[in-house]
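Only the coordinates and a few stated rules stand behind these numbers; no lab work does. Model, not experiment: these values are computed from the prediction. Every residue, glycine as well, gets a Cβ built from its backbone with ideal geometry; the counts of neighbours run over all protein chains shown.
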Amino acid sequence: MMLLMKLLILVLVLLVLIRLKIEISIVLLLGTGLLEILFPVPLGVFWRNIGESIFNSQSLSLVGIVVLVLFLGRFLQIQGNFNQMVRSLQQSIREPRLILAIPPALIGLLPMLGGALVSAPIVEEASRKWSLSPAWKTFYNYWFRHIWEYCWPLY
């Protein structure tokens with residue numbers, strides 16, 4: 001029971017910090033500290049675990065992949081490829097709402113880390129015709145990118 005109480009305290013503190021709009025990196029850092037306080041391990045082990053986590057080859061690969069996906073998305077945006085893609089879809093498809101759905105759905109066929117970073121600028125470009133809120137753009141991007149999860153064998 002005490003374990004559940006500690007976990008509940010941790011989750012509540014994190015939620016409050018996020019609700020206060022504190023930067024997520026600071027929230028995660030404070031959460032790590034609170035985790036150490038609530039579930040103490042020797043400080044040497046604590047710092048060794050942090051160091052191993054940061055310099056782990058999988059962690060470094062993950063950071064590298066995210067950076068490369070960001071670079072790819074920015075490159076495609078600068079080159080005007082997203083605009084060209086949306087214009088081509090507008091010429092090919094008469095139903096404008098499908099233009100919001102098709103690009104994230106196609107990107108969703110590739111289970112890749114950071115797919116949202118690639119499809120979000122396309123949805124942004126495609127939604128200029130309407131005055132959609134950021135929440136709706138996020139919804140369209142998320143929903144149609146993940147529509148294949150239940151039937152696509154790569155998932």
The chain: most fluctuating residue of 22, 65, 54 per GNM, C-alpha cutoff 10 Å:
22
Value of relative contact order over the range 69-145, rounded to a whole percent, pairs C-alpha under 8 Å and six or more apart:
38 percent
Multiplying the sequence separation of residue 110 and residue 91 by 0.36 nm and subtracting their Cα-Cα distance, what value in nm do you get?
4.4 nm
Please compute the length gained on full extension between residue 60 and residue 47, using 0.36 nm multiplied by the number of residues separating them and subtracting their Cα-Cα distance.
2.9 nm
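For the range 73-155, which GluC sites (Glu not before Pro) pass both filters: DSSP loop (anything but H, G, I, E, B) and at most 11 other C-beta atoms within 10 Å?
Here the sparse-neighbourhood loop sites are 149.
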Only Lys, Arg (+1) and Asp, Glu (-1) charged, at Cβ; the range 70-145 dipole about Cα centre in debye:
120 debye
What number, rounded to the nearest 500 deg cm²/dmol, is the helix-based mean residue ellipticity at 222 nm of the chain, given -39500 (n - 2.57) per DSSP H run of at least four residues and division by all its residues?
-24500 deg cm²/dmol
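Taking the Cα centre of the chain as origin, work out the dipole magnitude from +1 charges on Lys and Arg Cβ and -1 charges on Asp and Glu Cβ, in debye rounded to 20.
440 debye
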Taking each full run of DSSP H in the chain as one helix, which ones are at least 18 Å long along their axis (Cα atoms) and have mean Kyte-Doolittle hydropathy of at least 1.6?
2-19, 24-38, 57-78
For a quick check, take a GNM of the chain with Cα springs below 10 Å and name the residue from 100, 72, 15 with the largest mean-square fluctuation.
15
